[in-house]
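*Asks:* The structure that follows is given in the form of structure tokens.
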Amino acid sequence: MSKTIEDKWLYTISPKRKLIDLNFQEIWRYKDLLLLFVKRDVVTLYKQTVLGPLWYFIQPLFTSVIFTVIFNNLANIPTGDGVPSFLFNLAGITSWNYFKECLVGTSDTFKKNQGIFGKVYFPRVIMPLSTVVSNLLKFGIQLFVFIGFYLFYVFMRDVTVTPNSMMFLFPVLILTMGLLGLGLGMIISSMTTKYRDLNFLVQFGVQLLMYGSGVMYTVAYFKEKLPEIAWLVEWNPMTIIIEAFRYMALGENAGTIDLSKIVYVVIVSVVTFLIGLAIFNKTEKSFIDTI
């Protein structure tokens with residue numbers, strides 16, 4: 001009789017990663033690399049510029065001034081009783097900028113980093129994560145600018161705008177903005193490996209999306225003027241976030257907050273992030289052949 005001998009293999013090679021797998025252990029091992037990329041993003045952004053980091057302050061301030069002149073002074077769009085139009089616009093722009101920078105910064109991850117991706121291994125998700133973290137630093141700087149003008153209006157102009165008890169939800173808004181921008185950015189980045197036209201569409205689409213996100217008007221005003229399509233703005237996740245931030249910082253005259261809509265935004269952001277992560281993980285295995 002022939003005897004069956006079972007071979008015992010020393011190593012078994014098999015795919016470790018699942019479709020949706022954010023390996024926190026592996027990312028933690030590469031935390032120094034993550035911090036290095038964050039430092040690179042912050043330092044090199046305005047390198048060899050005259051004003052340097054001052055652009056962090058200039059961009060939201062000039063945009064707020066232009067919005068105040070055009071939309072509030074010329075177009076007479078109301079900002080709520082007792083709410084300064086400049087402060088109203090600065091709150092909206094500060095919130096919008098973080099989402100926009102996360103989305104735009106991560107939307108060309110594969111194209112922008114194809115050189116280093118083809119040479120050395122590290123968790124590819126480190127790249128878009130570093131963009132979100134570095135933009136969080138910029139958001140913090142712009143938030144301090146908003147707080148500075150907020151205090152100026154309260155103490156020097158005697159404006160009655162006060163934060164309320166819902167401010168404890170502000171970290172949730174920041175997290176949802178980051179997840180939403182990261183998720184959408186990873187989806188677009190994965191698609192741009194085959195369809196380069198999306199790079200141009202992102203720049204154009206983000207500008208259009210801003211006008212549909214309640215940055216320079218309240219949802220109540222939009223519903224009054226265009227009730228037929230108001231639902232498009234009302235259920236836009238960024239509109240809900242911006243309205244909630246204004247409500248928290250400037251009071252109920254500047255915005256609205258609905259806990260059910262906050263839950264809706266959290267769900268949309270998490271689902272978008274998971275879908276983006278799944279597509280990103282799938283694309284990273286073969287993108288080098290198509291980019």
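The values are calculated or read from the model by the stated rules, or taken from the named source; none is laboratory data. It should be emphasised that the depicted structure is a prediction, and the values quoted were computed from it without experimental measurement. Here the Cβ positions follow ideal geometry from the backbone for every residue, glycine too, while neighbour counts run over all protein chains shown.
*Asks:* Every residue in the range 10-49 that is of a type in the set (D, E, K, R), modelled with pLDDT of 75 or more and farther than 11 Å from residue 123 by Cβ, please.
*Replies:* 32, 39, 40, 41
*Asks:* Can you report the number of residues in the range 79-92 which are within 17 Å of residue 239 (Cβ to Cβ) and either touching a strand residue (DSSP E or B) at 6+ places or on another chain (Cβ under 6 Å) or surrounded by fewer than 23 Cβ atoms within 10 Å (Cβ to Cβ) (or both)?
*Replies:* So the count comes out to 1.
*Asks:* I would also like to ask the following. Can you find even one residue in the range 165-184 that is surrounded by 14 or more Cβ atoms within 10 Å (Cβ to Cβ), assigned to a helix (DSSP H, G or I) and more than 18 Å from the chain's Cα centre (by Cα)?
*Replies:* Yes, some residue in the range 165-184 is surrounded by 14 or more Cβ atoms within 10 Å (Cβ to Cβ), assigned to a helix (DSSP H, G or I) and more than 18 Å from the chain's Cα centre (by Cα).
*Asks:* Among the listed residues 257, 240, identify the single one that is touching a helix residue (DSSP H, G or I) at 6+ places or on another chain (Cβ under 8 Å), under 18 Å from residue 91 (Cα atoms) and surrounded by fewer than 21 Cβ atoms within 10 Å (Cβ to Cβ).
*Replies:* Going through 257, 240 in turn, the sole match is 257.
*Asks:* Could you grab me the full set of residues in the range 65-78 that are crowded, with 18+ Cβ neighbours inside 10 Å and either of a type in the set (Val, Ile, Thr) or at positive phi (or both)?
*Replies:* Hits for the range 65-78 are 68, 77.
*Asks:* Of the conditions (1) surrounded by 15 or more Cβ atoms within 10 Å (Cβ to Cβ); (2) in contact (Cβ under 8 Å) with a residue 12 or more places away in the chain; (3) over 19 Å from residue 85 (Cβ atoms); (4) more than 19 Å from the chain's Cα centre (by Cα), residue 230 satisfies every one except a single condition; which number is it?
*Replies:* Of (1) surrounded by 15 or more Cβ atoms within 10 Å (Cβ to Cβ); (2) in contact (Cβ under 8 Å) with a residue 12 or more places away in the chain; (3) over 19 Å from residue 85 (Cβ atoms); (4) more than 19 Å from the chain's Cα centre (by Cα), only one is false for residue 230: (2).
*Asks:* Okay, moving on. Does the range 75-82 include one or more residues that are aliphatic (A, V, I, L, M), under 23 Å from residue 208 (Cα atoms), part of a helix (DSSP H, G or I) and modelled with pLDDT of 85 or more?
*Replies:* no
*Asks:* Restricting attention to the range 91-130, report how many residues are under 21 Å from residue 35 (Cβ atoms) and at pLDDT 85 or above.
*Replies:* Looking only at that region, the number is 10.
*Asks:* Given the criterion part of a loop (DSSP other than H, G, I, E, B) and hydroxyl-bearing (Ser, Thr, Tyr), identify the matching residue among 213, 189.
*Replies:* Exactly one residue qualifies, and that residue is 213.
*Asks:* Right, another one. Pairs only if they're at least six apart or on different chains, beta carbon under 8 angstrom, first in the range 271-285 and among the acidic types (Asp, Glu), second assigned to a helix (DSSP H, G or I); list them, first residue then second.
*Replies:* Going by the 8 Å Cβ cut-off, the qualifying pairs are 284/110; 284/117.
*Asks:* Going by the conditions given, is residue 221 out of contact with any Ser or Thr (no Cβ under 6 Å at 6 or more places or on another chain), hydroxyl-bearing (Ser, Thr, Tyr), closer than 22 Å to residue 89 by Cα and not in a loop (DSSP other than H, G, I, E, B)?
*Replies:* So residue 221 passes the test.
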